[in-house]
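Engineer: Take a look at this one; I'll ask things after.
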């Protein structure tokens, strides 16, 4: 028959992510949670999504800078399925305080 591709994946969630020692492990954990929230596999309340989104923006872009981060800069990123402008505005507000 035709060639087949087999994908093998492991889903792992640490009981206490704060105890993950290796930086790469923490980063991979972050990427997995981010993807699960974005794809709707891990439900996330709007206020929590705003806080997590602000942390993700902080890690990507650094501290808020009004000269670099003009209105709507968060809209370039996706955090949740069906992302609304209200969530993006909340993420911007929180990012400004970090």
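The values are calculated or read from the model by the stated rules, or taken from the named source; none is laboratory data. Being a predicted model, the structure only gives us computed values, none of them experimental. Here the Cβ positions follow ideal geometry from the backbone for every residue, glycine too, while neighbour counts run over all protein chains shown.
Engineer: Read through the list (1) under 18 Å from residue 97 (Cβ atoms); (2) modelled with pLDDT under 95, then give the number of the only condition that residue 61 fails.
Structural biologist: Unmet for residue 61, out of (1) under 18 Å from residue 97 (Cβ atoms); (2) modelled with pLDDT under 95: (2).
Engineer: Scan the range 78-98 for residues that are surrounded by fewer than 16 Cβ atoms within 10 Å (Cβ to Cβ) and closer than 14 Å to residue 34 by Cβ and jot them down. Show your work before the answer.
Structural biologist: Residues of the range 78-98 surrounded by fewer than 16 Cβ atoms within 10 Å (Cβ to Cβ): 78, 81-82, 84-86, 89, 93, 96-98.
Within the range 78-98, 78, 81 qualify.
Engineer: Something else: Which of the following residues is within 11 Å of the chain's Cα centre (by Cα) and modelled with pLDDT of 90 or more: 73, 77? Explain how you work it out, then say what you get.
Structural biologist: On the way: 73 fails: within 11 Å of the chain's Cα centre (by Cα).
Result of the check over 73, 77: 77.
Engineer: If you don't mind, there's one more thing I want to ask. Which residue pairs have Cβ atoms closer than 8 Å, lie 6 or more positions apart in sequence or on different chains, and pair a first residue in the range 1-29 that is surrounded by 10 or more Cβ atoms within 10 Å (Cβ to Cβ) with a second residue that is in a loop (DSSP other than H, G, I, E, B) and at pLDDT 90 or above?
Structural biologist: 14/20; 26/20; 29/20
Engineer: Kindly evaluate residue 92 against the criterion of being in contact with a helix residue (DSSP H, G or I) (Cβ under 8 Å, 6 or more places away or on another chain) and free of Cβ contacts under 8 Å to residues at least 12 places away in the same chain.
Structural biologist: Details: in contact with a helix residue (DSSP H, G or I) (Cβ under 8 Å, 6 or more places away or on another chain): yes; free of Cβ contacts under 8 Å to residues at least 12 places away in the same chain: no.
No: the conditions fail for residue 92.
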